[in-house]
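Student: What follows is a structure written as C-alpha cells; I'll ask about it next.
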Amino acid sequence: MPSCSSDCFFHAVEDVKVFSEDGTSKVVEILADTTARDLCQLLVYRSHCVDDNSWTLVEHHPHLGLERCLEDHELVVQVESTMASESKFLFRKNYAKYEFFKNPTNFFPEQMVTWCQQSNGSQTQLLQNFLNSSSCPEIQGFLHVKELGRKSWKKLYVCLRRSGLYCSTKGASKEPRHLQLLADLEDSRIFSLMAGRKQYGAPTDYGFCIKPNRVRNEAKELRLLCAEDEQSRTCWMTAFRLLKWVGRAVSPRGGGTSETWGPEAEGSSSALPPSPTLAWKQYGMLLYQNYRIPQQRKAVLSPFSTPVRSVSENSLVAMDFSGQTGRVIENPAEAQSAALEEGHAWRKRSTRMNILGSQSPLHPSTLSTVIHRTQHWFHGRISREESHRIIKQQGLVDGLFLLRDSQSNPKAFVLTLCHHQKIKNFQILPCEDDGQTFFSLDDGNTKFSDLIQLVDFYQLNKGVLPCRLKHHCIRVAL
C-alpha cells in the first residue's frame, strides 16, 4: 500500500458551519490548515463586508456559558476538534482584539503589574517588556475563585506568570512555598463568562474562565474566576493572551512551539518571526505579528483576492464645494452649519422632485424618519440590555456605538456609546422647526434632518458626547 506524507492531512477538506449574530449560518469548505483569519477573510469576501481586520471567529459554548475569540493564527479544524456537539462558531466583529498594542498603558493598572526589569512606564517600554521573554511581567491582585467541584467562591490573592496562574495560601505572600498552581497556560484557553451570576453563582458580572483543552462538557473541571470590575477582567484576560502566545512561534503541523523570540523595538529586524526556512509558516506568527502586518500576511495566506476598504474617522471630513474648488471645513461650527444647510437643501430637492412627479412613494418628511433603517448602525427595536450586550461582544473600545428605537418614547431614538470601557445612552428626540421635523440629542441646539446626518456629524465632532463616534456595531447575515 503506498505511503502518504504528512502533507496529505493539510490538503484534506473539512466542512465547518459558522453562525452569524442573527442566527443564520453557512457551511464553508476549508482546508485542514485554514486559520481563523483565513476563514474570516473568506466570510468577509462572500458577505461583501468591509475588511478592516476586526472580524473574528468566536468559539461559543452555550451549555457551559462560555465564549472566546480565536486568535488569528489558530487552526480552525484543530479548535473544532476540542469542541462539544452543542458548541459552534460565530462570525462577529471585535474592535478590541488588538487594542492593547494601540494603547497598552490603559490596560494595566500600575498596582497590578510587577516587572523583573526596570520600566519607565511609557507605552513603548510597556509593550517591549510584554513582548520580551526575558522581562517576565507578572499580573497580581485579588480574584474570586470558584472551588473545583463546589458551588462556593473564595477571594484569593492570585498572580499570573508565564509558567501559570497561581494563588497564595497565605494572604498576599508570593513566596514559592505559599504559591499553589491554579491553571497551566500551555494547554488551556481563556473564555468570558456569558451569564456567570445565573449559571455559576458568580459574585460579580465580570467573570472569566480558564478551560483546559481536553474539557468538553464537564463544568466541574473549569477554573472559574471573577474580577471586581471590567478593567480588572480585561487586564487579566489580555495578560493571559500575551503570556500564552507572545514569545513562541506555532507550527501549523501539529501546534507545537519553537524557541522564544520577541521584538526589541518597532520596525527592528528582531520584530520579525523566525525565518520560514526553519519550517515555521508565516501564519504561525503570533499576536504581535497578527496586529503588525495584517496586509502582508493576507497577501501570503489568502487564496482569493478581495478589495480592502478602510473606514476610519480620518477619512471623514466636512467639505465645502460652493466655490470653484473644494476645501476642507476645519471649523466645527462651520461644519455644523454646512451640515444643516445641506439638510435643508436636500429636503427642498426632495420636495421639488415629488411636485414634479417623482417615482418616490415617500413624502420627504416620511423618508427622513425611515431612511436610517437602511444603515448597519441602526438595530431597530432592541432593549437597553441587548444593546449593551452587543457593545460588550464587539469590544469595549472608545467610540463604539449603535442606534436603536427608544423603548420609553415611540418617536425617539437612543444612541448607545462606549467610552472608557463604560456604556452610555443618549436619547435622540424629534423637534419641530418651521413645520419641519429635525432630530437632536442636545435639546435642539444641534438639529439634523435625519439620523444619517446626525451620525455623520458626530463622527467628525464629539459635541456633547464624551468622544466621537468611531466604530459602529454591525450584524451580518451569512
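The values are calculated or read from the model by the stated rules, or taken from the named source; none is laboratory data. Since the model is a prediction, treat every value here as computed from it, not as a measurement. Every residue, glycine among them, receives a Cβ derived from its backbone with ideal geometry; neighbour counts consider all protein chains shown. Only protein heavy atoms, including side chains, enter the accessible area calculation; ligands, DNA and RNA are left aside. Shrake-Rupley method; radii C 1.70, N 1.55, O 1.52, S 1.80 Å.
Student: Please list, ordered by residue number, the strands (runs of 3 or more DSSP E) wholly in region 377-478 having 2 or more residues that are among the polar types (S, T, N, Q) and surrounded by 14 or more Cβ atoms within 10 Å (Cβ to Cβ).
Tutor: So the answer is 436-440.
Student: I'm checking my understanding of the structure. Among residues of region 201-212 that are open to solvent by less than 20 Å² (accessible area, probe 1.4 Å) and of a type outside the set (V, I, T), which one is farthest from H60 (Cα to Cα)?
Tutor: For region 201-212, the residue satisfying everything is A202.
Student: To continue, here is another question. Kindly evaluate H11 against the criterion of being at negative phi, at pLDDT 95 or above and surrounded by fewer than 21 Cβ atoms within 10 Å (Cβ to Cβ).
Tutor: Answer is no for this residue.
Student: Here is a follow-up. Output the number of residues of region 54-83 satisfying the condition of being open to solvent by 10 Å² or more (accessible area, probe 1.4 Å), more than 18 Å from N290 (Cβ to Cβ) and not in a strand (DSSP E or B).
Tutor: Total meeting the criteria: 7.
Student: Where residues in region 166-200 are in contact (Cβ under 8 Å) with a residue 60 or more places away in the chain and outside any helix (DSSP H, G or I), which of them is surrounded by the fewest Cβ atoms within 10 Å (Cβ to Cβ)?
Tutor: Step by step, filter region 166-200, then rank; the result is A195.
Student: Scan (1) at pLDDT below 90; (2) open to solvent by 20 Å² or more (accessible area, probe 1.4 Å) for the single condition D51 breaks and write down its number.
Tutor: (2)
Student: I'm told P203 meets every condition in (1) within 24 Å of L242 (Cβ to Cβ); (2) not in a strand (DSSP E or B) except one. Can you identify the failing condition by its number?
Tutor: Result: P203 fails condition (1) only.
Student: Further question on the same structure: How many residues, within region 157-203, are farther than 19 Å from R68 by Cα, hydroxyl-bearing (S, T, Y) and touching a Cys at 6+ places or on another chain (Cβ under 9 Å)?
Tutor: Result for region 157-203: 3.
Student: Further question on the same structure: Of I391, I428, which residue is over 27 Å from S47 (Cβ atoms) and of a type in the set (V, I, T)?
Tutor: I428
Student: I'd like to check something: does region 96-119 contain any residue that is more than 27 Å from L402 (Cβ to Cβ), in contact with a Gly (Cβ under 6 Å, 6 or more places away or on another chain) and surrounded by 15 or more Cβ atoms within 10 Å (Cβ to Cβ)?
Tutor: Within region 96-119, one or more residues are more than 27 Å from L402 (Cβ to Cβ), in contact with a Gly (Cβ under 6 Å, 6 or more places away or on another chain) and surrounded by 15 or more Cβ atoms within 10 Å (Cβ to Cβ).
Student: Can you name the condition, by its number, that Y98 falls short on among (1) at pLDDT 80 or above; (2) over 17 Å from Q289 (Cα atoms); (3) under 21 Å from the mean Cα position of the chain (by Cα)?
Tutor: Checking Y98 against (1) at pLDDT 80 or above; (2) over 17 Å from Q289 (Cα atoms); (3) under 21 Å from the mean Cα position of the chain (by Cα), the one that fails is (2).
Student: Quick check on C235: is it under 20 Å from the mean Cα position of the chain (by Cα), modelled with pLDDT of 90 or more and either crowded, with 21+ Cβ neighbours inside 10 Å or outside any helix (DSSP H, G or I) (or both)?
Tutor: Yes, satisfied.
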